[in-house]
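S.K.: Just dropping this structure here.
The values are calculated or read from the model by the stated rules, or taken from the named source; none is laboratory data. Predicted model only: the values in this text are computed from it and were never measured. Using ideal geometry, Cβ is built from the backbone for each residue, glycine included, and neighbour counts are taken over all protein chains shown.
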Amino acid sequence: MKSLKAGLAVAIGIVVFNWSSALAQGSGSVFESSSTCKECHEDIYRNWRNSLHALAFTNPIFQTAYNKAYRETKGEARKYCLGCHAPTVRITGDYDAELPITAEGVTCDFCHTVTGIDLESPGSPFVSSPGDVKRSVLKQAESPHHKTEYSSDFASSKLCAGCHSFKNRHGVAVGDTYNEWKNSEFAKEGKQCQDCHMQQIAGRTAIEGGRDKIHDHSLSHNLASMREAVKLKFVKAKSTGSRFSAQVEIHNAKAGHNIPTGTPERHLVLEIQTKDRGGSVIETQKRVYHKSIVNSKGAEIFSDGDVFLHGVQIVEDNRLRPGEKRLEKFVFSKRVREISSVSADIYFLYEPLVAQKTEMRIPFFSADVFVK
């Protein structure tokens, strides 16, 4: 479900670890590196390594926002940003990112050594026990290299909530994907985040005696799944004298959370264009779906770093809720008699700061209707 994630102060509750095991690694970390996991779980590692989890710390979008927040807070930001983007630091204490394990972001061993989740303690939702026991949703799994333990938490959205339901230091719900899901029909039907984002795909769980399917550790943030989430269709398109009207239905068909979810830099744009017989655009209109957050002066702020540091209030939120259908009406007045067709496009617009502002558009859906 997160996405491109932003930071949250996540403290680790009860920690149990084996110091002799940590020292044997020679890295100063109590966690195993993902490269160690790769030796037996090659398909899972390959699936994870380019995921948003694996890149949570190193991706340039986070690094730009983090560096800005770090400077403005004189280093204070590292404690609540790295809690989710490099969660091993909560146990290793490596807030200066000197250990290789920190750069692995949401690495294998952090998640698979979680022993419990306490959502009543938002500052420390995870109970973690790094060591020889690795936990997952698989029952009766066996390994010649470490102990295994079944945990129902790995099939529960609670596991995601620790980082995907967070407030900034002013108490503003900057990203609230978990609660968006919790208040949806998906949650009422018992559908968990993992049901969509970690479906079973081809691959071996382990080289030695593994199972034939693996859970998708890329978290399914791919173009195909995003395109399936939002549907679009024309309801009406006709001329009425000097005006041309179009009605379009937009539908959050499959996402178990708001679209777009996450921080305010993410926008969903519905763009309607009238065209002449040669296909040239006559007029363009847009609807933008997003969450708007302002600072103490009432000015809207967009960048992740600013939202976490200075956001004090959500003043607008017109995003599409799970399952919601919305009828959008457009009226065009330019060169109405020349209109031959109308096109409708949905795209995801993200404008993060990466050294300089970069616009990213991901097409969702496109539809055309010809005017008789």
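S.K.: In the stretch 181-192, what residues are buried (at least 18 other Cβ atoms within 10 Å of the Cβ) and touching a Gly at 6+ places or on another chain (Cβ under 8 Å)?
M.R.: Across the stretch 181-192, the qualifying residues are 181, 184, 186, 187.
S.K.: Which condition from (1) among the charged types (D, E, K, R); (2) touching a Ser or Thr at 6+ places or on another chain (Cβ under 8 Å); (3) part of a loop (DSSP other than H, G, I, E, B) is the one that residue 135 breaks?
M.R.: Of the numbered conditions (1) among the charged types (D, E, K, R); (2) touching a Ser or Thr at 6+ places or on another chain (Cβ under 8 Å); (3) part of a loop (DSSP other than H, G, I, E, B), the odd one out for residue 135 is (3).
S.K.: Considering only residues of the stretch 98-124 that are of a type in the set (A, V, I, L, M) and under 23 Å from the mean Cα position of the chain (by Cα), which is nearest to residue 49 (Cα to Cα)?
M.R.: 106
One line per residue, one yes/no per condition, for (1) polar (S, T, N, Q); (2) free of Cβ contacts under 8 Å to residues at least 40 places away in the same chain; (3) crowded, with 19+ Cβ neighbours inside 10 Å:
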{"position": "130", "(1), (2), (3)": "no, no, yes"}
{"position": "133", "(1), (2), (3)": "no, yes, no"}
{"position": "139", "(1), (2), (3)": "no, yes, no"}
{"position": "168", "(1), (2), (3)": "yes, no, yes"}
{"position": "173", "(1), (2), (3)": "no, no, no"}
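S.K.: Let me confirm something: among 169, 135, 78, which residue is modelled with pLDDT of 90 or more and under 30 Å from residue 313 (Cβ atoms)?
M.R.: Testing whether each residue is modelled with pLDDT of 90 or more and under 30 Å from residue 313 (Cβ atoms) leaves just 78.
S.K.: A follow-up question, please. Against the condition among the aromatic types (Phe, Trp, Tyr), in contact (Cβ under 8 Å) with a residue 40 or more places away in the chain, more than 30 Å from residue 211 (Cβ to Cβ) and not assigned by TED's automatic domain parsing to the domain that holds residue 309, how does residue 66 come out, does it pass?
M.R.: When the stated conditions are applied, residue 66 passes them.
S.K.: A further question on this structure: Hey, could you check the stretch 31-74 for residues that are farther than 18 Å from residue 310 by Cβ and of a type in the set (Ser, Thr, Tyr) and say which is farthest from the chain's Cα centre (by Cα)?
M.R.: Only one residue fits best here, namely 36.
S.K.: Counting only residues that are in contact with a strand residue (DSSP E or B) (Cβ under 8 Å, 6 or more places away or on another chain) and charged (D, E, K, R), which one in the stretch 306-322 is surrounded by the fewest Cβ atoms within 10 Å (Cβ to Cβ)?
M.R.: 316
S.K.: Give the number of residues within the stretch 248-303 that are part of a loop (DSSP other than H, G, I, E, B) and charged (D, E, K, R). Steps first, answer last, please.
M.R.: Taking the stretch 248-303 first, the residues part of a loop (DSSP other than H, G, I, E, B) are 253-258, 260-265, 276-280, 290, 295-299, 302-303.
Going one step further and asking which of them are charged (D, E, K, R), we end up with 254, 265, 276-277, 297.
Going through the stretch 248-303 one residue at a time, the tally reaches 5.
S.K.: Now for a separate question. Return the residues of the stretch 65-110 that are closer than 24 Å to residue 37 by Cα and among the polar types (S, T, N, Q); say none if nothing qualifies.
M.R.: 88, 92, 102, 107
S.K.: So how many residues does the stretch 275-307 have that are in contact with a His (Cβ under 8 Å, 6 or more places away or on another chain) and over 15 Å from residue 351 (Cβ atoms)?
M.R.: 2
S.K.: A follow-up question, please. Of the residues 292, 303, 296, 220, which is free of Cβ contacts under 8 Å to residues at least 60 places away in the same chain and either on the phi > 0 side of the Ramachandran plot or crowded, with 17+ Cβ neighbours inside 10 Å (or both)? If you could, list the steps in order and put the result at the bottom.
M.R.: Values: 292 fails: either on the phi > 0 side of the Ramachandran plot or crowded, with 17+ Cβ neighbours inside 10 Å (or both); 303 fails: free of Cβ contacts under 8 Å to residues at least 60 places away in the same chain; 296 fails: either on the phi > 0 side of the Ramachandran plot or crowded, with 17+ Cβ neighbours inside 10 Å (or both).
Exactly one residue qualifies, and that residue is 220.
S.K.: Just the residues that are within 13 Å of the chain's Cα centre (by Cα) and part of a helix (DSSP H, G or I), please, taken from the stretch 163-180.
M.R.: 163, 164, 177, 178, 180, listed by residue number.
S.K.: On to the next question. Before we move on, is residue 263 in contact (Cβ under 8 Å) with a residue 24 or more places away in the chain, in contact with a His (Cβ under 9 Å, 6 or more places away or on another chain) and either of a type in the set (Lys, Arg) or surrounded by 22 or more Cβ atoms within 10 Å (Cβ to Cβ) (or both)? Talk me through it step by step, then tell me what you get.
M.R.: Values: in contact (Cβ under 8 Å) with a residue 24 or more places away in the chain: yes; in contact with a His (Cβ under 9 Å, 6 or more places away or on another chain): no; either of a type in the set (Lys, Arg) or surrounded by 22 or more Cβ atoms within 10 Å (Cβ to Cβ) (or both): yes.
Spelling it out, it is not the case that residue 263 is in contact (Cβ under 8 Å) with a residue 24 or more places away in the chain, in contact with a His (Cβ under 9 Å, 6 or more places away or on another chain) and either of a type in the set (Lys, Arg) or surrounded by 22 or more Cβ atoms within 10 Å (Cβ to Cβ) (or both).
S.K.: Taking the stretch 223-251 as the region of interest, how many residues are at pLDDT 95 or above and within 21 Å of residue 160 (Cα to Cα)?
M.R.: Total satisfying the criteria: 0.
S.K.: Another question, then. Could you figure out which of (1) buried (at least 19 other Cβ atoms within 10 Å of the Cβ); (2) out of contact with any Lys or Arg (no Cβ under 6 Å at 6 or more places or on another chain); (3) not hydrophobic (A, V, I, L, M, F, W, C) isn't true of residue 164?
M.R.: (2)
S.K.: Moving on. Go through the residues of the stretch 113-120 one by one and say whether even a single one is within 23 Å of residue 86 (Cβ to Cβ), part of a loop (DSSP other than H, G, I, E, B) and either of a type outside the set (D, E, K, R) or modelled with pLDDT of 95 or more (or both).
M.R.: Yes, the stretch 113-120 contains a residue that is within 23 Å of residue 86 (Cβ to Cβ), part of a loop (DSSP other than H, G, I, E, B) and either of a type outside the set (D, E, K, R) or modelled with pLDDT of 95 or more (or both).
S.K.: Check 245, 225 and return the single one that is under 19 Å from residue 334 (Cβ atoms), hydroxyl-bearing (Ser, Thr, Tyr) and surrounded by fewer than 18 Cβ atoms within 10 Å (Cβ to Cβ). Before you say what the answer is, go through the steps one by one.
M.R.: Details: 225 fails: under 19 Å from residue 334 (Cβ atoms).
Checking each option against the conditions leaves just 245.
S.K.: Also: Can you pull out the strands (runs of 3 or more DSSP E) entirely within the stretch 312-359 that have at least 2 residues that are among the aromatic types (Phe, Trp, Tyr) and within 22 Å of the chain's Cα centre (by Cα)? Break it down into steps so the answer makes sense when it comes.
M.R.: Working: elements: 313-317, 325-332, 341-350.
Ranges flagged: 341-350.
S.K.: Here are 30, 106: which of them is touching a residue at least 24 places away in the same chain (Cβ under 8 Å), farther than 26 Å from residue 197 by Cα and part of a loop (DSSP other than H, G, I, E, B)?
M.R.: Only one candidate passes the filter, namely 30.
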